[in-house]
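To start, the structure under review is shown below, and the notes come after it.
The values are calculated or read from the model by the stated rules, or taken from the named source; none is laboratory data. Since the structure is predicted, the reported quantities are computational estimates derived from the model, not experimental observations. Note: ideal-geometry Cβ built from the backbone for every residue, glycine included; neighbour counts use all protein chains shown. Heavy atoms of the whole protein, side chains included, go into the accessibility calculation; ligands, DNA and RNA do not. Shrake-Rupley method; radii C 1.70, N 1.55, O 1.52, S 1.80 Å.
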Number of protein chains: 2
Amino acid sequence: MELYPAMDEINNALKKNHIIVIFSNCNVEYSGRAQSFIAKGDRMIIMKHDGTILVHKPDGRTPVNWMPNKSIIEIKVENDSLEITCTNSKTSEVMIIRAFNIYSITSAPLVDNEQLRLLGTEKDMSDMLYSTPSLISEDFTPVSREEQTKYGFLDVFGHNSKGELVIVECKRYTAGLDSVTQLRRYVERVKKSKGITKVQGIIAAPNISQNALKMLTDWGFSYKNISPPYRFSKEEEKQAKINEF
Amino acid sequence: MELYPAMDEINNALKKNHIIVIFSNCNVEYSGRAQSFIAKGDRMIIMKHDGTILVHKPDGRTPVNWMPNKSIIEIKVENDSLEITCTNSKTSEVMIIRAFNIYSITSAPLVDNEQLRLLGTEKDMSDMLYSTPSLISEDFTPVSREEQTKYGFLDVFGHNSKGELVIVECKRYTAGLDSVTQLRRYVERVKKSKGITKVQGIIAAPNISQNALKMLTDWGFSYKNISPPYRFSKEEEKQAKINEF
């Protein structure tokens, strides 16, 4: 691709705030968090509408060079290369990409308002069950959650309408044999310490293994299919805050 | 873009080990380091020849989802979406991308054998000057480097052919007034402690500010234009090691 038409195409896409992907043979000089140089090679340059710029090698996860958002891009043709100068006045960083061959330029106005949601932890599960006990049963009244006892850490602890104690053990992933033995240990110890014979044991998990389910029912306990609640990722929240500046 | 032709195009590019960039409206489900979900939005999907997969939002530096190298990609058309399943048996991760609209597919056989080189530290500079003293002068013989003295940390310490002591202060970036006063302090203290009157002071740096240069020559010291040596980035070395497995 000729350098001048390439320059015009990139400048037009920048004006329209498009995301731009350039495949090119280039070298990259960078100064800021460190000073670095990478000699000529085929790379992918990504320019985002918020001023983030990434330079990726054909392999590997992390960009070989990058500039944070709010970077300013200036392009000129200099001898045999397209010189792309990216500066960030806030972070005092400069990256100069010299593209000697431009293989392709792809750009588009992408729109994405969604945030990543992470599946919650076991604590999120017990919080959810404590505030919405009907997920376990209409007959369940929670009394405490995440109670540290001398026999361990009870996720949700409560009673049913007959006044029988109920222990709910939350598992984020598939519950296995160890989950059942853990629940059994809690139930046995609560029975012994309170001098009672009836304690309901429930495992709440998005899945349970076949042998764990058999052991669970053999012991007179029950399984409730419940997934942890989703929550927004901290990474996204942090990014949102950074962008607010 | 129709889903079946899109599937064929991606599969062909995967077979050729090309780097592939897909602009699409998609949702992403992930399970591995955590469990996550992001609802429909416009995103950029990057597939690299080493099996690394990145999903980028139109803004921000970090991918919203990613899979490490050696991931396996399987594609099928499922109802109204192109379902791209990425699995990594080594890390037990699974990412499912459901692309409802494919705006563009760009692919190319990029080749990049270059490694990022970071401009060295002041220690790298003093190591370089110690092993190649002619960079300072043909008349310079180094005796020690990075010597911890009671007056501070001498970068390179030596003598000239007349037997006069020489102190070289290395600066990675532009040397300023503080570099000159630091050098002066070292020189004065060495003079005093050894009871001598002649000690040569040299600042080695890739650049020096105008007022620092004036102060330096006023004090009878000199400036040598020397840049720190480049070295390969640790990040790259680490990646190389991971890839060797």
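What shape does the stretch B:3-108 take by its C-alpha gyration tensor, where a ≥ b ≥ c are the square roots of the eigenvalues and a/c under 1.5 counts as rounded, a/b above b/c as prolate, and the rest as oblate?
Working: a/c = 1.32, a/b = 1.11, b/c = 1.19.
Rounded, because the longest to shortest axis ratio a/c is under 1.5.
Per residue of B:111-122, what is the mean number of Cβ atoms on other protein chains within 10 angstrom of that residue's Cβ? Mind dumping the intermediate values first?
Details: counts 5, 15, 5, 11, 5, 11, 5, 7, 7, 2, 1, 0.
Mean inter-chain Cβ contacts per residue within 10 Å come to 6.
Just the number, please: percent antiparallel of the DSSP beta bridges in the stretch B:117-231, rounded to the nearest 5. List each step's numbers first, then the result.
Details: 13 of 25 bridges.
Taking every DSSP beta bridge within the stretch B:117-231, about 50 percent pair in antiparallel fashion.
Between residue B:197 and residue B:227, what's the calculated FRET efficiency when r is the beta-carbon distance and R0 is 30 Å? Round to 0.05.
Details: r = 33 Å, r/R0 = 1.09.
Efficiency for this residue pair is about 0.35.
Accessible area per residue for chain B in Å², computed with a 1.4 Å probe and the full protein assembly in place, what is it? Each step should come with its number before you reach the end.
Values: 11990 Å² over 245 residues.
Computed with neighbouring chains in place, this is 49 Å² per residue.
Could you check the simple spin-label distance between residue A:94 and residue A:162, using points 7 Å along Cα→Cβ, in nm with one decimal?
7.9 nm
Apply 1/(1 + (r/R0)^6) to the Cβ-Cβ distance of residue A:214 and residue A:131, taking R0 = 25 Å, and write down the FRET efficiency to the nearest 0.05.
Details: r = 32 Å, r/R0 = 1.27.
In this case the efficiency is close to 0.20.
Placing +1 at every Lys and Arg Cβ and -1 at every Asp and Glu Cβ, with all other atoms neutral, what dipole size does the protein assembly as shown have around its Cα centre, in debye to the nearest 20? Intermediate values should be presented prior to the final figure.
Values: 64 positive and 62 negative charges, 394 e Å.
Using only the charged Cβ atoms, the result is roughly 1900 debye.
How much FRET efficiency would the formula 1/(1 + (r/R0)^6) give for residue A:113 and residue B:17, where r is the Cβ-Cβ distance and R0 is 25 Å, rounded to 0.05?
Numbers: r = 35 Å, r/R0 = 1.38.
Efficiency at R0 = 25 Å is approximately 0.15.
Taking only DSSP H segments of four or more residues, each worth -39500 (n - 2.57), what value at 222 nm results for chain A once the sum is divided by all its residues, to the nearest 500 deg cm²/dmol? All intermediate terms of the calculation are to be shown ahead of the outcome.
Values: 5 runs with 61 residues, N = 245.
After summing the helix terms and dividing by the residues of chain A, the value is -8000 deg cm²/dmol.
How long are the semi-axes of the ellipsoid equivalent to the protein assembly as shown, from square roots of 5 times the Cα gyration tensor eigenvalues, in whole Å, largest first? Mind dumping the intermediate values first?
Details: eigenvalues 662, 250, 72 Å².
Over the Cα atoms of the protein assembly as shown, the ellipsoid semi-axes are 58, 35, 19 Å.
May I ask you to give the percent of accessible area on chain B that is carbon plus sulfur, with a probe radius of 1.4 Å? Don't jump to the answer; show the numbers that get you there.
Details: 5930 of 11990 Å².
It is 49 percent, rounded to a whole number.
If the viscosity is 1.002 mPa s and the temperature 20 °C, what translational diffusion coefficient in µm²/s does Stokes-Einstein give for the stretch A:54-93 when Rh comes from Kirkwood over Cα pairs?
Numbers: Rh = 11.7 Å.
In µm²/s, the coefficient is 183.
Mind grabbing the interface size between B and A? I mean buried accessible area, both sides, 1.4 Å probe, in Å² to the nearest hundred.
Working: alone 14350 and 14340 Å², together 23960 Å².
Approximately 4700 Å², summed over both chains.
Can you classify chain B as rounded, prolate or oblate using the Cα gyration tensor, where a ≥ b ≥ c are the square roots of its eigenvalues, rounded means a/c under 1.5, and otherwise it's prolate if a/b beats b/c and oblate if not? Show your work: numbers first, answer last.
Numbers: a/c = 3.81, a/b = 3.52, b/c = 1.08.
In terms of gyration-tensor shape, prolate.
Expressed as an acute angle from 0 to 90° and rounded to the nearest 10, what is the orientation of the C-alpha long axis of helix B:122-131 relative to the principal long axis of chain B?
60 degrees
Over 32 Å between Cα atoms: which of A:70/B:224; A:16/A:90; B:48/B:171; A:40/B:123; A:48/B:171 fall into that group?
Details: A:70/B:224 37 Å; A:16/A:90 23 Å; B:48/B:171 40 Å; A:40/B:123 28 Å; A:48/B:171 35 Å.
Table pairs above 32 Å Cα-Cα are A:70/B:224; B:48/B:171; A:48/B:171.
In peptide B:31-39, how many Cβ atoms from other protein chains are near each Cβ within 10 Å, on average?
On the way: counts 2, 0, 1, 7, 10, 8, 6, 7, 6.
For peptide B:31-39, the averaged partner shielding equals 5.
Classify the stretch B:59-158 as rounded, prolate or oblate from the Cα gyration tensor: take a ≥ b ≥ c as the square roots of its eigenvalues, call it rounded if a/c is under 1.5, otherwise prolate when a/b beats b/c and oblate if not.
Here the stretch B:59-158 falls in the prolate category.
Length gain on complete extension for the stretch residue A:143 to residue A:104, per 0.36 nm per residue less the alpha carbon to alpha carbon distance? Intermediate values should be presented prior to the final figure.
Numbers: separation 39, 0.36 × 39 = 14.04 nm, distance 6.30 nm.
Here the answer is 7.7 nm.
Per residue of the stretch B:160-169, in order, report the coupling 6.51 cos²θ - 1.76 cosθ + 1.60 (Karplus, θ = phi - 60°) as ³J(HN,Hα) in whole Hz, putting x for Gly and Pro.
9, 5, 7, x, 7, 5, 10, 10, 10, 9
About its Cα centre, what dipole magnitude does the stretch A:18-160 give when the only charges are +1 on Lys and Arg Cβ and -1 on Asp and Glu Cβ, stated in debye to the nearest 20? Can you show the working numbers first?
Details: 14 positive and 19 negative charges, 134 e Å.
Roughly 640 debye, rounded to the nearest 20.
So, in nm, how far is label residue B:2 from label residue B:72 when the simple model puts each one 7 Å beyond its Cα toward the Cβ?
A separation of 3.0 nm, rounded to one decimal place.
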